[in-house]
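Have a look at the structure below before the remarks.
The values are calculated or read from the model by the stated rules, or taken from the named source; none is laboratory data. This one's a predicted model, so the numbers in the text were calculated from it and none came from an experiment. Note that each Cβ is placed from the backbone with ideal geometry, even for glycine, and that neighbours are counted across all protein chains shown.
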Amino acid sequence: MFKNKLIFLSVLTIGNSQAAYDQEDTVKLFADLAYVYDSNVFRLSDQQENNSTRRHQQKSDSSITTGLGGRIDLPLSRQNVYATAQVSYSNYLVFDELNGPAWDLGLGWNWVVGNQWSGNLAASTSNALSSFDDVRTSVVDTVQTNRVSWSANYQLLSNWALIANAAYVQEDHDVRKYQNANNRNLGAGVRYTSDRGFALTLLHNWLEHKYDENFIIPADLRGYTEQNTSLGLNWPVTAKFNANVTAGYTQWKSDFNGQKSTKPTGAIDLVWKATAKTTLSTGAGQNFDSFGSNFVGRDLERNAYIAADWQFSDKSKFGARYNYRQVETETSNGLRTQDSIYDTYQLSYDYKILRSMLIRSYVQFENRDEKINQFDYSDEQIGVSLKYNF
């Protein structure tokens, strides 16, 4: 069946287009329609049957998602106030308990004061079905995420600027309520921009993570505080080669026992325009996931990727990408409870039908190797989507 679907959808793979609207337009609207076949919807292990939902003995399903979205920009002198919205509804052919809406709504203000101050103030809310990737059981859960963020730049000298940021993020689950939590973040630093085009940014962040619900232990003992110092480099080495590098260290302290842990964190991303039609990119990094752990501890994530895009013509583009992801969950006393490796391979093909119409398609294969618990799984996906820009 999977092979038949692959052959059928390969005939339909037609892809990318330019928007019908221009970027300076006040109102930008789009509609989209997507079909996805997933061989392992709940990310169940290879040895595990699907006995957790009312549809037994089946792991695969297909879904059709319809959506509408848009953006409004209101330039006011040197300011820009904007609003974004994207709403969708998914229908599963078998697991109809997963049917439901999703949305992401936002308001923002790109502000400027005088000749030295500039920044952004934004707020957003989103609601979507929770991922099954790291859950181990097919619990149907949705998560609502509310965000407020602020950033500011003060141009101290022609090449030097002071920077600051603040953010609050709240996650609320309708079933796994023990995951309800919030993050408070404050950051400050300095940025140097060279006349040759590269930029260096030194930044220090303070973060506090708090849980709202008790989970074996009281909620106020499940959280942690964190400090992160990083030095970032954005360097357009040549007209065809660009590098982004961030290096630093992160220290987090558990509210449960005051235990501290320090890890190096950072990332590197390289982009090379090899030819007029070929772009190659690669990167790797190690960082903590703020909302990753369910108990007392942190999720350390290591990522790496390699990707290539070939622009065959003005209407068609082919892409290939490999992602490596490792997730280590470690409690405050140093006990490792998870060590998972994810390998994801994806091929995509886009075709521009009209100036306003975009069709994208992809085939994806993913495997998880769980080193501590027996939760290995494999998953195959095929997707085709049509997007129309008004």
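A few remarks follow.
- In summary, S361 fulfils each of the numbered conditions (1) out of contact with any Ser or Thr (no Cβ under 6 Å at 6 or more places or on another chain); (2) touching a residue at least 60 places away in the same chain (Cβ under 8 Å); (3) small (G, A, S); (4) farther than 27 Å from K263 by Cα with the single exception of condition (1).
- Count of the range 169-199 residues, restricted to those that are surrounded by fewer than 18 Cβ atoms within 10 Å (Cβ to Cβ), closer than 30 Å to G232 by Cβ and charged (D, E, K, R), is 3.
- The range 140-184 - residue that is assigned to a loop (DSSP other than H, G, I, E, B) and closer than 18 Å to D220 by Cα and, of those, nearest to the chain's Cα centre (by Cα): N180
- Restricting the range 334-384 to residues that are of a type in the set (S, T, N, Q) and either out of contact with any strand residue (DSSP E or B) (no Cβ under 8 Å at 6 or more places or on another chain) or assigned to a loop (DSSP other than H, G, I, E, B) (or both), the residue that is farthest from R298 (Cα to Cα): S356
- Test: D195 is without any contact (Cβ under 8 Å) to a residue 60 or more places away in the chain, over 24 Å from L300 (Cα atoms), among the acidic types (D, E) and outside any strand (DSSP E or B): yes
So that you can scan it fast, the table gives a plain yes or no per residue for (1) polar (S, T, N, Q); (2) surrounded by fewer than 16 Cβ atoms within 10 Å (Cβ to Cβ):
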{"residue": "Y211", "(1), (2)": "no, no"}
{"residue": "I217", "(1), (2)": "no, yes"}
{"residue": "D220", "(1), (2)": "no, yes"}
{"residue": "Y249", "(1), (2)": "no, yes"}
{"residue": "N257", "(1), (2)": "yes, yes"}
{"residue": "A274", "(1), (2)": "no, yes"}
{"residue": "G283", "(1), (2)": "no, no"}
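- Each residue in the range 231-282 was checked for being part of a loop (DSSP other than H, G, I, E, B), among the polar types (S, T, N, Q) and free of Cβ contacts under 8 Å to residues at least 40 places away in the same chain, and 2 of them qualify.
- Candidates in the range 339-362 are the residues that are among the small types (G, A, S) and at pLDDT below 95; of these, the one that is farthest from N389 (Cα to Cα) is S340.
- Counting the residues of the range 232-255 that are hydrophobic (A, V, I, L, M, F, W, C), under 22 Å from the mean Cα position of the chain (by Cα) and more than 14 Å from N287 (Cα to Cα) gives 2.
- Residues being crowded, with 18+ Cβ neighbours inside 10 Å, among the aliphatic types (A, V, I, L, M) and under 20 Å from V245 (Cβ atoms) - total across the range 200-209: 1
- Qualifying residues in the range 256-289 (those that are over 21 Å from the mean Cα position of the chain (by Cα) and at pLDDT below 90) - the one nearest to A199 (Cα to Cα): T262
- Inspection of the range 289-306 finds no residue satisfying the criterion of being within 24 Å of T201 (Cα to Cα), surrounded by fewer than 17 Cβ atoms within 10 Å (Cβ to Cβ), of a type in the set (D, E) and out of contact with any Asp or Glu (no Cβ under 9 Å at 6 or more places or on another chain).
- Members of the range 332-356 that are farther than 16 Å from D133 by Cβ, in contact with a Phe, Trp or Tyr (Cβ under 7 Å, 6 or more places away or on another chain) and surrounded by 17 or more Cβ atoms within 10 Å (Cβ to Cβ): S332, S348, Y349
- Residues of the range 100-116 classified as more than 15 Å from G69 (Cβ to Cβ) and among the aromatic types (F, W, Y), total: 2
- Each residue in the range 283-292 was checked for being in a loop (DSSP other than H, G, I, E, B) and either closer than 20 Å to A247 by Cβ or β-branched (V, I, T) (or both), and 1 of them qualify.
- Flag if R176 is at pLDDT below 95 and of a type in the set (K, R): yes
- Considering the range 358-385, the residues that are buried (at least 18 other Cβ atoms within 10 Å of the Cβ), hydrophobic (A, V, I, L, M, F, W, C) and more than 17 Å from N40 (Cβ to Cβ) include one that is nearest to the chain's Cα centre (by Cα), namely V384.
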